[in-house]
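Heads up: the structure comes next, in structure tokens.
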Amino acid sequence: MTHIKSSTPEVPVLVAGGGIGGLAAALALTRQGFKVKVLEQAPEIGEIGAGIQLGPNAFHAFDALGVGDKARSRAVYTDYMVMHDAIDEYQVGKIPTGEAFIQRFGNPYAVIHRADVHLSLLEGALETGRVEFVTSTRATGIHQDAQGVTVTDQNGVQHRGLALIGADGVKSVVREQFVGDPARVTGHVVYRAVVDKEDFPQDLQWNAASIWVGPNCHLVHYPLRGGEQYNVVVTFHSRQQEEWGVTDGSKEEVQSYFQGICQKARQLIDLPKSWKRWATADREPIGQWSFGKVTLLGDAAHPTTQYMAQGACMALEDAVTLGEALKVHNNHFDQAFDMYQHARVARTARIVLSAREMGRIYHAKGVERLVRNDLWRGRSPERFYDAMAWLYGWNVGNCLDAATH
């Protein structure tokens, strides 16, 4: 019997969402030989936000996706991470991220503008010639059958794919259809801004990921784009009932929350000319995010608060793991999606739960603040590295371990 070559490979895999997770997923899929169609709600493919932090695990993921060099060329490599008490300037902990750190984890720690991560992935996706982008397109209905998945958009247009990756962020439409669980609004508000170097205080121009921790608040700063700009992030517990979302911030509001903190840290909130305001939320971790030929990825699968600085890193890891699971199962989606989920559920849940705990540590007051300031007293860099090994030790070689052992 002559085998007629089927033309199905040209039916794409659908990816809902053109953010960091969606583009990383698209790259992972093209590396497995698929064509990809990315459905993005916004009128153009891009990123909002400011700086993000990249652990060695993110660089392992970039390398596995073929865009390591692009991301490396746009990142700023820090000398250390440091935490100070925002009331009295006490240095709670300092972790060198130089040569010893790189030796230990095989990749550096860096900070980068979100848009530069996005651009690196976008360039990689465009270079494959196998990724199609459809903008101003929001999934409203998802139907799957034995052959694949049909996504209907807000205009009634149907998009057909072999499978669907829901990488459509914290307010995922795909998750809403398959899980339908409520968001957990934290009441914590995050203000983000980028400040030019000449406007940034000289006594804070450190080549470091720096955090000032205070009662019910904290402030973060680090360099971006070759040190030409600085990322400024401040977080506080809101006095009002918050709704999950992003708006423009007001200088008056942010200044009203930081009365008790030292002058050195206070400078940060007086700098930006304009702020973006995020009212944050996460969701309870779930044990299932694969449903036949549909699976979730990134914030759609495990939305987290920002206290572990791992949201984008986890989306990158997800994409690599998804690709590896497809490789193991010869591109059979149902089995691969099941394996991918088993490899990722516990690790990403640990990030969500650790982030909540870290938020509590950062925002400690009273005696709890004294406990926090005692936590890492006298701790050597090696002991810090040991404590981070579970997080930064991830790579393409071990990404499926949780699903296979």
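Read-outs throughout are calculated quantities, based only on the coordinates presented, and are distinct from any laboratory measurement. Bear in mind that the values here come from a model prediction, so they are computed numbers and not experimental data. Using ideal geometry, Cβ is built from the backbone for each residue, glycine included, and neighbour counts are taken over all protein chains shown.
Distance between the C-alpha centres of region 245-263 and region 108-179: 35 Å, rounded to the whole angstrom.
What is the extension gain from Gln240 to Arg379, computed as 0.36 nm multiplied by their sequence separation minus the C-alpha to C-alpha distance, in nm to one decimal?
Values: separation 139, 0.36 × 139 = 50.04 nm, distance 3.87 nm.
Length gained, Gln240 through Arg379: 46.2 nm.
Centre-to-centre, using Cα atoms only, region 265-325 and region 213-233 are separated by 19 Å.
Under the simplified labelling scheme, the Glu228-Thr128 pair shows an inter-label distance of 3.0 nm, with each label point 7 Å from Cα along Cα→Cβ. The angle between the Cα long axis of helix 20-31 and the main principal axis of the chain comes to about 40°, on a 0 to 90 degree scale.
Once the Cα atoms are used to define both axes, helix 333-362 deviates from the longest principal axis of the chain by about 10 degrees. The helix-only estimate of mean residue ellipticity at 222 nm for the chain, built from DSSP H runs of length n ≥ 4 each weighted as -39500 (n - 2.57), is -10500 deg cm²/dmol after division by the residue total. For region 135-184, what class follows from the C-alpha gyration tensor (a ≥ b ≥ c being the square roots of its eigenvalues): rounded when a/c is under 1.5, otherwise prolate if a/b is larger than b/c, else oblate? Oblate is the answer for region 135-184, as a/c is 1.5 or above yet b/c matches or exceeds a/b. Positive contributions from Lys and Arg (+1) and negative ones from Asp and Glu (-1), summed over other residues with Cβ under 13 Å from the Cβ of His302, come out at +1.
Would you tally the net charge around Gly226, using a Cβ to Cβ cut-off of less than 10 Å, leaving Gly226 out, and scoring K and R as +1, D and E as -1? That sum, taken over residues with Cβ under 10 Å, equals +2.
In region 44-120, which chymotrypsin sites (Phe, Trp or Tyr not before Pro) are in a loop and have at most 15 other Cβ atoms within 10 Å, using DSSP for the loop call? Write out the running numbers ahead of the final one.
On the way: sites: Phe59, Phe62, Tyr77, Tyr80, Tyr90, Phe101, Phe105, Tyr109; in loops: Tyr90, Tyr109.
Listed in order of number, the matching sites are Tyr90.
Largest first and in whole Å, the equivalent-ellipsoid semi-axes of the chain read 38, 23, 20, each the square root of five times a Cα gyration tensor eigenvalue.
Cβ under 10 Å from Arg283's Cβ, Arg283 left aside: what net charge do those residues give with Lys, Arg +1 and Asp, Glu -1? Display every interim value, and only then the final one.
Working: positive: Arg175, Arg184; negative: Asp181, Asp282, Glu284, Asp299.
Once all neighbours under 10 Å are counted, the net charge is -2.
Greater than 20 Å separation of Cα atoms is the criterion. Which listed pairs, Lys35/Lys327; Lys251/Lys276; Lys37/Lys276, meet it? Exceeds cut-off: Lys37/Lys276.
Seen through its C-alpha gyration tensor, with square-root eigenvalues sorted a ≥ b ≥ c, region 285-405 comes out prolate because a/c lies at 1.5 or above while a/b is bigger than b/c. For region 176-259, the square roots a ≥ b ≥ c of the C-alpha gyration tensor eigenvalues yield an a/c of 1.5 or more together with a/b exceeding b/c, which makes the shape prolate. Ellipsoid semi-axes for region 1-152, based on the Cα gyration tensor and the rule √(5λ), read 39, 19, 13 Å when sorted largest first.
The Rg/Rh ratio of region 224-294, with Rg taken over Cα atoms and Rh as the Kirkwood radius over Cα pairs, comes to 1.13. Going from the residue with the fewest nearby Cβ atoms within 10 Å to the one with the most, Ile269, Ile20 rank Ile269, Ile20.
Placing pseudo-labels 7 Å out from each Cα toward the beta carbon at Arg356 and Val396 gives an inter-label distance of 3.5 nm.
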